[in-house]
Amino acid sequence: RLQPGDVPVSRLWDSRFRSGTLRTEPRLRERYLVLAIVHHPDLFQDVGEILAGAEFADGEMEALRQALVACLTAESALDAEALKRHLSGRGFSETLDSLLSADMPKFAQPGASFETAKSGWQEVWLSSEDGLLQRELRDAERRFAETFSEDDLARLRALQRELLILRGHADDLTERDG
């Protein structure tokens with residue numbers, strides 16, 4: 001049960017590895033997600049399905065995301081150096097050089113432990129999803145206020161449920177609905 005002042009986050013999130021990236025701009029979050037995979041390709045086993053279904057706003061990062069997914073789906077045993085060579089061979093040398101020379105949070109750095117990389121990646125991903133859902137929820141609230149339609153109410157309730165689930169409050173839903 002949450003106490004007053006608690007921040008609702010997924011039960012998967014481990015506060016010991018908090019990276020402090022929750023409030024970063026979306027394009028930086030995309031870079032951090034990609035960098036964590038580049039430096040820790042074994043992380044793809046845990047987050048590959050999520051990454052494969054994602055769509056990045058930055059065209060360059062979207063192309064690199066697609067290449068990462070393709071490389072690691074075809075050859076899951078690649079280490080960081082082999083992955084960088086594969087991506088460079090696919091025309092991403094300049095993009096990688098730019099990414100690897102930029103500042104990055106600890107979880108996305110090469111020396112981070114697997115647990116730190118995974119927890120940081122999840123934190124950034126969840127913050128991205130949370131922000132998207134909140135925007136959709138605001139839009140749904142405005143739309144329902146204008147139309148008062150059953151369809152718009154159903155959409156609003158579905159988004160509210162999805163946001164609660166994302167934040168780790170699925171148990172609260174069963175208590176309310178039961």
Specify which of the listed residues (Ser101, Ser88) is among the polar types (S, T, N, Q) and either open to solvent by 70 Å² or more (accessible area, probe 1.4 Å) or touching a Lys or Arg at 6+ places or on another chain (Cβ under 9 Å) (or both).
Ser101
Subset of the range 48-61 [part of a helix (DSSP H, G or I) and open to solvent by less than 30 Å² (accessible area, probe 1.4 Å)]
Gly48, Leu51, Met61
Please work out which one of (1) without any contact (Cβ under 8 Å) to a residue 60 or more places away in the chain; (2) farther than 30 Å from Leu159 by Cβ; (3) assigned to a helix (DSSP H, G or I) is the condition Asp139 fails and give its number.
(2)
The number of residues in the range 71-129 that are under 18 Å from the mean Cα position of the chain (by Cα) and assigned to a helix (DSSP H, G or I) is 21
Which residue pairs have Cβ atoms closer than 6 Å, lie 6 or more positions apart in sequence or on different chains, and pair a first residue in the range 65-76 that is at pLDDT 95 or above with a second residue that is open to solvent by 70 Å² or more (accessible area, probe 1.4 Å)?
Ala67/Arg90
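The values are calculated or read from the model by the stated rules, or taken from the named source; none is laboratory data. Keep in mind that what you see is a predicted model, and the values were worked out from it rather than measured. Quick reminder, even Gly has a Cβ in these numbers, built from the backbone with ideal geometry, and neighbours come from all protein chains shown. Just the protein is used for accessible areas: all its heavy atoms, side chains included, with ligands, DNA and RNA removed. Shrake-Rupley method; radii C 1.70, N 1.55, O 1.52, S 1.80 Å.
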